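Novice: Dumping the structure here so I can ask a few things about it.
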Amino acid sequence: MQNVYVPEYLKKSLVMIQAAFPDGVTKEQYFSLLYLLYDYMCDENLAIVMSYFAGEKIATVTNDIWGIKQRTIESSCLSDTKDRLLKSGFASWLKDI
């Protein structure tokens, strides 16, 4: 894992994700988060937040982001991830971005 600095303007995003997944994520949940957040965050910001949260290198996360729309993700995992985000303030977060 590399040292990643999360700028102040991204901390709400990080807090929301950490609240939704307090015990970390599986690979499938990681990809479902990328898929669901992709439309709301620029690639760089999403890479910074997910790199910090998942403990992956920014370059790895960036490559995962670029391929996320071609990836098949189980609908049950997407639904679970979305539910977790909603319970963790996703609607409020959307208003702030």
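Novice: Show me the helices (runs of 4 or more DSSP H) found entirely inside segment 1-68 where at least 2 residues are among the charged types (D, E, K, R).
Specialist: By residue number, 11-20, 27-37, 43-54.
Novice: For segment 86-97, what are the residues that are farther than 22 Å from ASP23 by Cβ and in a helix (DSSP H, G or I)?
Specialist: Of everything in segment 86-97, those that are farther than 22 Å from ASP23 by Cβ and in a helix (DSSP H, G or I) turn out to be ALA91, SER92, LEU94, LYS95, ASP96.
Novice: Looking at the structure I just gave you, is ILE58 under 19 Å from TYR9 (Cα atoms), free of Cβ contacts under 8 Å to residues at least 60 places away in the same chain and open to solvent by 30 Å² or more (accessible area, probe 1.4 Å)?
Specialist: Values: under 19 Å from TYR9 (Cα atoms): yes; free of Cβ contacts under 8 Å to residues at least 60 places away in the same chain: yes; open to solvent by 30 Å² or more (accessible area, probe 1.4 Å): yes.
The answer is yes for ILE58.
Novice: Now a separate question. Would you mention how many residues in segment 21-43 are farther than 14 Å from ASN63 by Cα and touching a residue at least 40 places away in the same chain (Cβ under 8 Å)?
Specialist: 8
Novice: Would you pick out the residues in segment 71-85 that are at pLDDT below 95 and either within 14 Å of the chain's Cα centre (by Cα) or in a helix (DSSP H, G or I) (or both)?
Specialist: Result: no residue meets the conditions.
Novice: For segment 30-42, which positions are closer than 12 Å to LEU85 by Cβ and open to solvent by 30 Å² or more (accessible area, probe 1.4 Å)? Give the derivation first.
Specialist: Keep residues of segment 30-42 that are closer than 12 Å to LEU85 by Cβ, which gives 32-33, 35-37, 40.
Those that are closer than 12 Å to LEU85 by Cβ and open to solvent by 30 Å² or more (accessible area, probe 1.4 Å): TYR35, LEU36, TYR40.
Novice: Which of the numbered conditions does ILE65 fail, given that it passes all the others? Conditions: (1) without any contact (Cβ under 8 Å) to a residue 24 or more places away in the chain; (2) within 11 Å of the chain's Cα centre (by Cα).
Specialist: So ILE65 meets the others, but not (1).
Novice: Now, a different point. If I ask for residues that are under 18 Å from ILE73 (Cα atoms) and either within 10 Å of the chain's Cα centre (by Cα) or among the polar types (S, T, N, Q) (or both), which ones from segment 26-45 would you list?
Specialist: Of the residues in segment 26-45, the ones under 18 Å from ILE73 (Cα atoms) are 26-39.
Residues satisfying the conditions are THR26, GLN29, TYR30, PHE31, SER32, LEU33, LEU34, TYR35, LEU36, LEU37, TYR38.
The values are calculated or read from the model by the stated rules, or taken from the named source; none is laboratory data. Since this is a predicted model, take the numbers as computed values, not measurements. A quick note on method: Cβ atoms are made from the backbone with ideal geometry, for glycine too, and the neighbour counts reach across all protein chains shown. We work out accessible area using only protein heavy atoms, side chains counted, and drop any ligands, DNA or RNA first. Shrake-Rupley method; radii C 1.70, N 1.55, O 1.52, S 1.80 Å.
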